[in-house]
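Everything below concerns the one structure shown next.
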Amino acid sequence: MKLIRYAKGGNSCIGVVEGDDIRPLGNSDLTELMAAAPQPAGNLDSLADASVLPPLIPGKILAIGRNYAEHARELNNEVPTEPLVFAVMPSAVIGDGDVIEWEADLTAQVDWEGELAVIIGVTARRVSQADALDYVFGYTIANDVSARDLQTRDKQWVRAKGLDTFCPLGPIVATRDEIPDPQNLRIVTTVDGVVKQDGSTADMIFNVRHLIAYLSRAFTLNPGDMILTGTPAGVGKAMNPPEFLGAGSLVSVEIEGIGKLTNRCRVL
Ligand code: MG
């Protein structure tokens, strides 16, 4: 199924995307759907008219830095020998079509990072790589928006990656059965229609199975937790001269088999 969360009658509603329509389910959020079989409820809604919400507000967001060798090299970082884990604030999450915004005197180097996001569906603790995908509910698209100046100055990345609005997600969640091989997906990021990143999840250093197994040794992964799997080469900081997002920039991340996430930027 391809799922979307949208506002309906003052509530949130999960629906199945069927062409230009949404078939509403009797579930208000994804974690509720994980615990029970989907039940169709009500008439079809129009996808074009839907007021889209973030697919979920994850319990925790575990993110992986430098998980594509070419991206590590473009920023003159060493290629990691084990996953580089950091956390992103769930309060940073926004949905498709929402505005990425920041204060001009807080950061002047806001960068894009298109990423495959993995949504956990079953509690996972110390799971094997062989079994790891059994714990996945589905996949969505993330933009791990990054304030490079804060990232450098702060030494760690809590502010740089966690500012309000800096974690656009969605709009579509492709359930696990829709994506038989998460390591064979093209991922393209554009800014104002110009291609900046054009990579493949085949090039992850640590694949989704590895990441779930690795993270589940440190943390209990609960239904509704999310893993950001890292970004391919082509971020703005690595351009010559460097490029950053500005007022009015329109940034899109598209992943084969899932969909497209688009957000405009506003500088406060
Ligand atoms: Mg990232």
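The values are calculated or read from the model by the stated rules, or taken from the named source; none is laboratory data. What you are looking at is a predicted structure, and each value in this text was computed from that prediction instead of being measured. In this analysis, Cβ positions are derived from the backbone assuming ideal geometry, glycine residues included, and neighbour counts consider all displayed protein chains. We work out accessible area using only protein heavy atoms, side chains counted, and drop any ligands, DNA or RNA first. Shrake-Rupley method; radii C 1.70, N 1.55, O 1.52, S 1.80 Å.
General observations
- Amide H within-cut-off set for D21, under 5 Å, with H built and near neighbours excluded: L47
- Extent of the chain along its three principal axes (Cα atoms, max minus min coordinate, largest first): 52, 43, 28 Å.
- Protein accessible area in segment 2-52, 1.4 Å probe - carbon and sulfur %: 46
- Ranking V93, Y135, V110 by Cα position along the charge dipole of segment 72-163, where only Lys, Arg, Asp and Glu carry charges on their C-beta atoms, puts Y135 farthest toward the positive end.
- In this structure the amide hydrogen of V122, modeled in the peptide plane, comes within under 5 Å of the amide hydrogens of F137, none closer than 5 places in sequence on its chain.
- Restricting segment 170-225 to chymotrypsin sites (Phe, Trp or Tyr not before Pro) that sit in a DSSP loop and have at most 11 other Cβ atoms within 10 Å of their own Cβ leaves nothing.
- Cleavage-rule hits, trypsin sites (Lys or Arg not before Pro), segment 66-141, DSSP coil, Cβ neighbours within 10 Å at most 12: R125, R126
- Accessible-area composition of segment 171-241, carbon plus sulfur, in percent [1.4 Å probe]: 47
- Per-residue Karplus couplings for segment 189-197, computed as 6.51 cos²θ - 1.76 cosθ + 1.60 with θ equal to phi - 60°, are listed in order as 10, 10, 10, 6, x, 9, 5, 10, 10 Hz, Gly and Pro entered as x.
- For segment 163-179, 3J(HN,Hα) computed residue by residue from phi via the Karplus equation (6.51, -1.76, 1.60; θ = phi - 60°) reads 4, 3, 6, 8, 10, x, 9, x, x, 9, 9, 8, 5, 3, 5, 6, 10 Hz, glycine and proline entered as x.
- Where the chain is the region considered: accessible area per residue in Å², 1.4 Å probe: 43
- Couplings 3J(HN,Hα) for segment 126-132, derived from phi with the Karplus relation 6.51 cos²θ - 1.76 cosθ + 1.60 (θ = phi - 60°), are 6, 9, 7, 4, 4, 9, 4 Hz, where x marks Gly and Pro.
- For I172, the residues whose modelled amide H falls within less than 5 Å of its own, excluding neighbours fewer than 5 places apart on the same chain, are I141, K260.
- Between N11 and A37, the modelled labels are 2.1 nm apart [label points 7 Å from Cα along Cα→Cβ].
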